[in-house]
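Undergrad: Here it is, the structure, as structure tokens.
Computed from the coordinates by the stated procedures, all read-outs in this text should not be read as laboratory data. The structure displayed is predicted, hence computed values, not measured ones. Cβ placement follows ideal geometry from the backbone for every residue including glycine, while neighbour counts extend to all protein chains displayed.
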């Protein structure tokens, strides 16, 4: 799928599960976006500093640095510009509220719904 260059977004996919990272990244690539991957929070923060993603899809529960720590650091370093999405297998109402309070723009359940992701990214 080819997208006009102006609509291509830089997307950072952060998950310690290689299978989840690969699945989400593959789908986002097929949508025509640039994809960058990080297997843990520390790598995500370092990569985001150079890539300056427009959207980051971030797993909440990872070793090294969890998603809450990642969102805090990214908001400090990148401000409000990137859209930060928490990905979790347990997206209860309480978890969603905690994510929004922490600085995420959205909290979604894994596995991600491709139709929702496509719509949310403006495909």
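Undergrad: Quick check on region 31-40. Is at least one of its residues free of Cβ contacts under 8 Å to residues at least 40 places away in the same chain, more than 24 Å from residue 116 (Cα to Cα) and within 13 Å of the chain's Cα centre (by Cα)? Walk me through how you get there before you give the answer.
TA: Here is the first cut: in region 31-40, the ones free of Cβ contacts under 8 Å to residues at least 40 places away in the same chain are 34-40.
Now narrow it down to the ones that are more than 24 Å from residue 116 (Cα to Cα): 40.
Restricting the remaining residues to those that are within 13 Å of the chain's Cα centre (by Cα) gives 40.
Yes, region 31-40 contains at least one residue that is free of Cβ contacts under 8 Å to residues at least 40 places away in the same chain, more than 24 Å from residue 116 (Cα to Cα) and within 13 Å of the chain's Cα centre (by Cα).
Undergrad: Moving to a separate point now. Looking for whichever is more than 17 Å from residue 17 (Cα to Cα), in contact with a strand residue (DSSP E or B) (Cβ under 7 Å, 6 or more places away or on another chain) and free of Cβ contacts under 8 Å to residues at least 40 places away in the same chain here; the options are 97, 48. Which one fits?
TA: Details: 97 fails: in contact with a strand residue (DSSP E or B) (Cβ under 7 Å, 6 or more places away or on another chain).
Exactly one of 97, 48 is more than 17 Å from residue 17 (Cα to Cα), in contact with a strand residue (DSSP E or B) (Cβ under 7 Å, 6 or more places away or on another chain) and free of Cβ contacts under 8 Å to residues at least 40 places away in the same chain, namely 48.
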